[in-house]
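Chemist: Quick one: the structure is below, and I'll ask about it shortly.
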Amino acid sequence: LISPPSSPASCTPLVAHHLMDIPDETDKAFNAPTRTYVRDAKAMAATPADVKEYPDSYAFVVDMPGLKSGGIKVQVEDGNVLVISGERKREDGKEGNYLRMKLRVGKFMRKFSLPDNANTDAVSAVY
C-alpha cells in the first residue's frame, strides 16, 4: 500500500509515471520475452502429445520423431510440473545429401502441470 503525496505537485515525474502505469521503453525491454522463452514456447507448440487418464495414473505420449531414447529428458520441476524434452540436430557429414527434409530439427518440449496429490517420485518413462 502506497500513501498518496500530500499534494499532486509534490509528485516527481518519475513517481507519477509509475503510478499511472504507463510503460516506457525500459519497461518494454524489461518485459520482452527472452530468447529461451520464445524457443521453448515454439517447441511446446510444435510437439504433439496425448494424455490418457487411468484409475491410478496418467500416461503422456509425446511425439518426438528422430530422437533416440538417450536424447529424451523426463523430469519434474517446481514440485509438480512434468517436463519432457529433447533436441534433434541436423546430421552433417554423413553419406548422401538430403533431397527433402520433413522431420523437424530443433528442440521438442512439453510441460504438464500434475495434480497436487501426484506421486512425483513414481514418475517413469518408456521409449
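Every read-out reported here was derived from the displayed coordinates using simple, explicitly stated rules and does not represent laboratory data. What you see is a predicted model, and the numbers here were worked out from it, not measured in a lab. Using ideal geometry, Cβ is built from the backbone for each residue, glycine included, and neighbour counts are taken over all protein chains shown.
Chemist: Please list, in chain and number order, the residues 5+ apart from Val81 or on another chain whose amide H is under 5 Å from its amide H, with Hs placed from the backbone.
Modeler: Leu114
Chemist: A further question on this structure: Set the Förster radius R0 to 41 Å, insert the Cβ-Cβ distance between Asn119 and Asp63 as r into 1/(1 + (r/R0)^6), and round the FRET efficiency to 0.05.
Modeler: 0.95
Chemist: Here is a follow-up. Amide H to amide H, which residues 5 or more places from Thr47 or on other chains are under 5 Å from it, using H placed in the peptide plane?
Modeler: Met109
Chemist: Ranked from highest to lowest mean number of other Cβ atoms within 10 Å per residue, what is the order of the peptides 68-78, 108-118?
Modeler: Top of the packing list down: 108-118, 68-78.
Chemist: Which net charge results for the neighbourhood of Arg35, defined as the other residues with beta-carbon distances under 14 angstrom from its beta-carbon, given Lys and Arg at +1 and Asp and Glu at -1?
Modeler: So the surrounding residues net to +2.
Chemist: Compute the relative contact order of segment 41-127 as a whole-number percentage, counting only Cα pairs closer than 8 Å that sit 6 or more residues apart in sequence.
Modeler: This gives 30 percent for segment 41-127.
Chemist: Would you mind checking Lys42/Lys68; Lys89/Lys111; Lys73/Lys102; Lys68/Lys107; Lys73/Lys111; Lys52/Lys89 for any pair whose Cα atoms are more than 19 angstrom apart?
Modeler: Lys42/Lys68; Lys89/Lys111; Lys73/Lys102; Lys52/Lys89, as the Cα separations exceed 19 Å there.
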